[in-house]
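Down below is the structure, laid out as structure tokens.
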Amino acid sequence: MIQLKNISKIYGKDGGQQIKALDNASLTIDKGEFVAIIGASGSGKSTMMNILGMLDRPTSGEYYLENKEVSTLTDDELAHIRNKKIGFVFQKFHLLPKTTAEENVELPLIYSDRKNTHTLAIEALGKVGLSNRSKHRTNELSGGQQQRVAIARALVNEPEVILGDEPTGNLDSKSGLEVVGVLQELNRSGKTIILITHSSEIAEHANRVIRIHDGKITEDYKVEQPLDARAELAELEKTNN
């Protein structure tokens, strides 16, 4: 589904100091995989996310999405593909204040030709277990619930890929497991999940881990028995009771 060939990204002006954020990185992600991309701050994982999400262009190399080279497309063409193919979930939620969960989820539909936006928003909230919170304003929701609203917003256009940038980074352990559990359920339903994280423990919930260091891919391995977030939540609740 996704193929990066010899991708490099260099920041900096000609003649000035240059930083190579990605260095000749190549990878393939198949449809339906749950992939965690892990690295420390400054490793290049955020740059990788921006390129995978078509929010930035590589300095050199090729990016194929469903066998189509996308790194040479116009900004308008990239925006169209992003809206149709990729759902984004960010660390800071990026929800609109003083609006309801339902209104936040409906937002991406403004830029599409979809009808029945109310019904679609409620369905998306149902997929993340928040049907009963649709009329709640964002400031009335917990951090974990706000992130699940953000996931519902990412889902509402029915993208094939969910791209999460540190989606558990601002959450406590329980809320983080709830979010990872939702991502695992979405993966089981057929969605391709790409999770950017600095946490090895979070990464072990994925089926495959790609490690980045100094802009290079240093490890790429399958996880034989991914951690089950739902089971961990059940154990945590049992311990707390």
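FYI, it's all coordinate maths here, none of it is from the lab. Since the model is a prediction, treat every value here as computed from it, not as a measurement. Here Cβ is always computed from backbone atoms with ideal geometry, including for glycine, and neighbour counts include all displayed protein chains.
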Convex hull around the C-alpha positions of region 108-221: the volume in Å³ per residue is 127
For region 1-62 the translational diffusion coefficient, Stokes-Einstein from a Kirkwood Rh over Cα pairs at 25 °C and viscosity 0.890 mPa s, in µm²/s, is roughly 198
HN-Hα couplings for region 136-153 via Karplus (6.51, -1.76, 1.60; θ = phi - 60°), in whole Hz with x for Gly/Pro, come out as 7, 6, 4, 6, 9, 10, 6, x, x, 5, 4, 5, 5, 4, 4, 5, 4, 4
Once Lys and Arg are counted +1 and Asp and Glu -1 for all other residues with Cβ under 11 Å from that of N24, the total becomes +3
If one compares the long axis through the Cα atoms of helix 75-85 with the longest principal axis of the Cα atoms of the chain, the angle in degrees, nearest 10, works out at 40
Here the percent of antiparallel bridges among DSSP beta bridges lying wholly in the chain, to the nearest 5, is 50
Taking Cα atoms only, helix 229-240 is inclined relative to the longest principal axis of the chain by an angle, in degrees rounded to 10, of 50
Computed over the chain: longest principal axis from alpha-carbon atoms vs helix 117-127 long axis, angle to nearest 10 degrees, is 90
At q = 0.11, 0.12, 0.14 Å⁻¹, the log10 of I(q)/I(0) for the chain from a Debye sum over equal Cα scatterers comes to -0.58, -0.69, -0.93
With the 8 Å Cα cutoff and a minimum separation of six or more residues, region 90-241 has a relative contact order in percent of 21
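What size of dipole, in debye to the nearest 20, comes out for region 1-95 about its Cα centre when the only charges are +1 on Lys and Arg C-beta atoms and -1 on Asp and Glu C-beta atoms?
Charge dipole, region 1-95, about its Cα centre: 240 debye, nearest 20.
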Interchain or sequence-distant (5+) residues whose placed amide H lies within less than 5 Å of the amide H of R208 are F34, A36, V223
For region 175-241 the mean separation of alpha carbon contacts under 8 Å (6+ apart) over residue count, i.e. relative contact order in percent, is 33
